[in-house]
Amino acid sequence: MVKIALIGCGTMGRTHAGGYLKIKEAAVTAFCDIQEERAVKLAEHHGAKAFKSFEEMLEQGDFDMLDVCLPTYLHKEYAIAAMNKGKHVFCEKPIALTMEDGEAMLEAARANEVKFSVGHVLRFFPAYKQAGEQIENGRLGVPRLIRTTRNQAFPQWSWENWYQDYAKSGGPILDLVIHDVDWIIRNIGAVERVYAKSFNGTVAGQEHCILLLRLKNGAIAHVEGSWAYPSGSAFHVTYEIVGTKAQIEFDNLTTSPVIKQTCENGLHKLEAFSPVEGLSEPYCAELNEFVRSIEYNLPLAVTGQEAVEALKVVLSGIQSSKSGQPVSL
Ligand SMILES: NC(=O)c1ccc[n+]([C@@H]2O[C@H](COP(=O)([O-])OP(=O)(O)OC[C@H]3O[C@@H](n4cnc5c(N)ncnc54)[C@H](O)[C@@H]3O)[C@@H](O)[C@H]2O)c1
């Protein structure tokens, strides 16, 4: 049984807590939040202990791993403090706000010989897993063109509105688009060059962004993200991947199945897959992988190094959007 302490009982903390209830090798023994009532509520539900102070939880809590669901600017400090006490760490994405912080987290995990993973959950969403499988088994041929969108209203739910402060959240290029960037790197290939357009935080809470990625294998990706849809808009994500043999597309609002198009003997053929998307299941799946990697000493599904690679691409995107020039990695 892996004993877990969870810090940050906000939106993602509550989602993760629900996920652990379905994992047979997991038991959350401690919750921590500076808004103590949030920790108490989850602790009551899980039969765990509630803490207001992280230091107290680190000293008194009985746990093997820390799950960091804090605002992004706090990830490094808390993850490293736990690693230095010999705890494994699962940290929400994005890993950190800077390469230096991300690298310091990798180094602390190495030095303390603990497992460390980051919540690149898109890899666990059925529609994205299916596209990955189609690419891996060669059914699309060679992927050449990728188009992804991830659009929503400004995330207004956060503690002290920390998403609004780009020094804390990084804005939508760092916070949002990193999901698709990680997925593209892992399923299609490493990024060579980035060109990006956005408002760079100059229009608070109204940011659209577009990244154009050139991959080392020659494919190009158009990656779009937004925090500027009208308040109350549905979360809208899409992808289109065009390979030399077939194309595959997904739209979470209009085509709940994934659609694959092929052309055989001059005949156009459409094929639909139905990913069953329980909202919390991908989060449960990513945590299940991490818990099992500890319990049975298995390789990580998502490594810290991979999270740093994705961070490098989005930071290059921010740099490009500020300078107006493409950035080579
Ligand atoms: N994987 C995903 O799909 C996804 C979705 C949303 C957010 N995120 C990421 O998850 C992380 C958390 O985001 P959120 O939306 O849950 O934020 P949130 O604002 O909803 O929750 C943050 C919580 O942390 C608590 N907190 C702040 N400082 C603390 C401290 N020093 N000690 C203890 N508790 C503290 C706050 O009281 C709050 O309850 C961010 O890194 C964000 O980018 C990931």
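The values are calculated or read from the model by the stated rules, or taken from the named source; none is laboratory data. None of the values given here were measured: they were computed from a predicted structure. All Cβ positions, even for glycine, are placed from backbone atoms using ideal geometry, and neighbour counts span all protein chains on display. To get the accessible areas, we keep the full protein, side chains included, count just its heavy atoms, and leave off ligands, DNA and RNA. Shrake-Rupley method; radii C 1.70, N 1.55, O 1.52, S 1.80 Å.
When ASP33 is tested against (1) within 11 Å of the ligand (Cβ to nearest atom); (2) over 20 Å from LYS168 (Cβ atoms); (3) acidic (Asp, Glu), only condition (2) is not met. Within the stretch 32-52, the set of residues being more than 23 Å from VAL118 (Cα to Cα) and small (Gly, Ala, Ser) comprises ALA43, GLY47, ALA48, ALA50. With the structure loaded, tell me whether VAL89 is at negative phi and in contact with a Ser or Thr (Cβ under 9 Å, 6 or more places away or on another chain) or whether it fails that test. In short, yes. Applying the set (1) in the same structural domain as GLU240 (by TED's automatic domain parsing); (2) more than 18 Å from the chain's Cα centre (by Cα) to ILE80 leaves exactly one unmet item: (1). Only a single item in (1) over 24 Å from GLY119 (Cα atoms); (2) touching a Leu at 6+ places or on another chain (Cβ under 7 Å); (3) open to solvent by less than 60 Å² (accessible area, probe 1.4 Å) is not met by HIS222, and it is number (1). The set of residues in the stretch 215-264 being over 30 Å from GLY201 (Cα atoms), assigned to a strand (DSSP E or B) and among the β-branched types (Val, Ile, Thr) consists of VAL242, ILE248, THR255, VAL258, ILE259, THR262. Looking across the stretch 3-16, just one residue is more than 11 Å from the ligand (Cβ to nearest atom) and either surrounded by fewer than 21 Cβ atoms within 10 Å (Cβ to Cβ) or assigned to a helix (DSSP H, G or I) (or both), and that is LYS3. Looking across the stretch 154-169, the residues that are near the ligand (Cβ under 9 Å from one of its atoms) and of a type in the set (S, T, N, Q) come down to SER158, ASN161, SER169.
Taking MET83 as meeting all but one of (1) surrounded by fewer than 21 Cβ atoms within 10 Å (Cβ to Cβ); (2) away from the ligand (no atom under 16 Å from the Cβ), write down the number of the exception. Unmet for MET83, out of (1) surrounded by fewer than 21 Cβ atoms within 10 Å (Cβ to Cβ); (2) away from the ligand (no atom under 16 Å from the Cβ): (1). Would you confirm whether any residue within the stretch 39-57 is on the phi < 0 side of the Ramachandran plot, charged (D, E, K, R), part of a strand (DSSP E or B) and in contact with a Phe, Trp or Tyr (Cβ under 7 Å, 6 or more places away or on another chain)? No, the stretch 39-57 contains no residue that is on the phi < 0 side of the Ramachandran plot, charged (D, E, K, R), part of a strand (DSSP E or B) and in contact with a Phe, Trp or Tyr (Cβ under 7 Å, 6 or more places away or on another chain).
Residues in the stretch 58-77 that are outside any loop (DSSP other than H, G, I, E, B) and in contact with a Phe, Trp or Tyr (Cβ under 6 Å, 6 or more places away or on another chain): ASP67, VAL68.
Rundown of residues vs (1) touching a residue at least 40 places away in the same chain (Cβ under 8 Å); (2) of a type in the set (S, T, N, Q); (3) touching a Cys at 6+ places or on another chain (Cβ under 9 Å); (4) away from the ligand (no atom under 16 Å from the Cβ), yes/no style:
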residue: LEU66; (1), (2), (3), (4): yes, no, yes, no
residue: LEU70; (1), (2), (3), (4): yes, no, yes, no
residue: GLU77; (1), (2), (3), (4): no, no, no, no
residue: ALA96; (1), (2), (3), (4): yes, no, no, no
residue: GLU103; (1), (2), (3), (4): yes, no, no, yes
residue: ASN112; (1), (2), (3), (4): no, yes, no, yes
residue: TYR128; (1), (2), (3), (4): yes, no, no, no
residue: LEU140; (1), (2), (3), (4): yes, no, no, yes
residue: ILE146; (1), (2), (3), (4): yes, no, no, yes
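Of the helices (runs of 4 or more DSSP H) that lie entirely inside the stretch 100-208, those containing 2 or more residues that are open to solvent by 30 Å² or more (accessible area, probe 1.4 Å) and in contact with a Pro (Cβ under 8 Å, 6 or more places away or on another chain) span 126-136.
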